1. Which numbered condition in (1) touching a residue at least 12 places away in the same chain (Cβ under 8 Å); (2) at positive phi; (3) not hydroxyl-bearing (Ser, Thr, Tyr) is the only one that residue 48 fails?
2. Give me the pairs: first residue in the stretch 9-33 and over 28 Å from residue 55 (Cβ atoms) and of a type in the set (A, V, I, L, M, F, W, C), second residue at pLDDT 95 or above and exposed (fewer than 13 other Cβ atoms within 10 Å of the Cβ), beta-carbon distance under 8 Å, and six or more apart or on different chains, which are they?
3. Which one is farthest from residue 10 (Cα to Cα) among residues in the stretch 23-73 that are touching a strand residue (DSSP E or B) at 6+ places or on another chain (Cβ under 7 Å) and acidic (Asp, Glu)?
4. Taking the criterion of being part of a loop (DSSP other than H, G, I, E, B) and either of a type outside the set (Phe, Trp, Tyr) or modelled with pLDDT of 95 or more (or both), would at least one residue in the stretch 22-37 satisfy it?
5. I want to confirm something. Restricting to the stretch 42-65 and keeping residues that are part of a strand (DSSP E or B) and β-branched (Val, Ile, Thr), which single residue is surrounded by the most Cβ atoms within 10 Å (Cβ to Cβ)?
6. Go through the stretch 3-21 residue by residue and tally those that are assigned to a helix (DSSP H, G or I) and either surrounded by 10 or more Cβ atoms within 10 Å (Cβ to Cβ) or on the phi > 0 side of the Ramachandran plot (or both).
Amino acid sequence: MGDQQDTLTYEIIKAAVAGEKWATEKVIAHYDSYIEKLSTVKEKQPDGSVRTYVDEDLKQEIALKLLEEIPNFSMEEAERTAEGETEKEE
């Protein structure tokens, strides 16, 4: 998430909210490591050890929920943030 290339810009967010496939893919890619962390499960084994793994079904569920919510994102807040960043650059 720290890469400049992986940064979500106002334009990407606006396109994703509008339903652009390329932009929604960038949003999912941006949050992929976070989604993976949320879907990591620890399971106690019969021998007492703990197995840690990524629950792929849970990961897909979380990603799908994110995709469902993208169109509901408030662009007003994103516009205020983008305007604030522009003022800082000047």
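The values are calculated or read from the model by the stated rules, or taken from the named source; none is laboratory data. None of the values given here were measured: they were computed from a predicted structure. No Cβ is skipped: glycine too gets one built from the backbone with ideal geometry, and neighbour counts run over all protein chains shown.
1. Of the numbered conditions (1) touching a residue at least 12 places away in the same chain (Cβ under 8 Å); (2) at positive phi; (3) not hydroxyl-bearing (Ser, Thr, Tyr), the odd one out for residue 48 is (1).
2. 15/22
3. Looking at the filtered set, the residue picked out is 43.
4. If we filter the stretch 22-37 for residues that are part of a loop (DSSP other than H, G, I, E, B), which is where we start, we get none.
No, every residue in the stretch 22-37 fails to be part of a loop (DSSP other than H, G, I, E, B) and either of a type outside the set (Phe, Trp, Tyr) or modelled with pLDDT of 95 or more (or both).
5. Step one: filter the stretch 42-65 for residues part of a strand (DSSP E or B), giving 42-44, 50-54.
Now restrict to residues that are β-branched (Val, Ile, Thr): 50, 52, 54.
Working: 50: 8, 52: 8, 54: 14.
It comes out as 54.
6. Of the residues in the stretch 3-21, the ones assigned to a helix (DSSP H, G or I) are 4-6, 10-17, 21.
Those still in the list that are either surrounded by 10 or more Cβ atoms within 10 Å (Cβ to Cβ) or on the phi > 0 side of the Ramachandran plot (or both) too: 6, 10-17.
Of the residues in the stretch 3-21, 9 are assigned to a helix (DSSP H, G or I) and either surrounded by 10 or more Cβ atoms within 10 Å (Cβ to Cβ) or on the phi > 0 side of the Ramachandran plot (or both).
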